[in-house]
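Below: the structure, in structure tokens.
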Amino acid sequence: MKPIARYQHLVAREAVMTESEATQRNGGEEKEPKKRRKDPRAGEAWGAALTRDTSIYVIGAVIGFLLALISIAVVTRFLAVAQFGQLALLLTFRRPS
């Protein structure tokens, strides 16, 4: 017997299920399938959430860039050339955490 043919009787039984068997499966209640209404505002809400999340991400990236730029100016002002070279070597060969 082929493996597919072994389960043919199960597939056929599901297709020929009577109405009373279907009613027994869901607890004796006859329920109509719920119809979902498409919310016309769903696209607007998705767009608003995308805009808000993108703006938060961009603001964070800009703030990080500005802080890095300011820290470079501060570090170069207070370190001598040799000390700045040592710092550059330290940051280059450090282990990433």
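Observations on the structure shown:
- Boolean, Leu50 is within 23 Å of the chain's Cα centre (by Cα) and either surrounded by 10 or more Cβ atoms within 10 Å (Cβ to Cβ) or at pLDDT 70 or above (or both): yes
- Tallying residues that are surrounded by 10 or more Cβ atoms within 10 Å (Cβ to Cβ) and assigned to a helix (DSSP H, G or I) within the range 75-88 yields 8.
The values are calculated or read from the model by the stated rules, or taken from the named source; none is laboratory data. Source: prediction; values computed, not measured. Cβ: placed from backbone, ideal geometry, glycine included. Neighbour counts: every protein chain shown.
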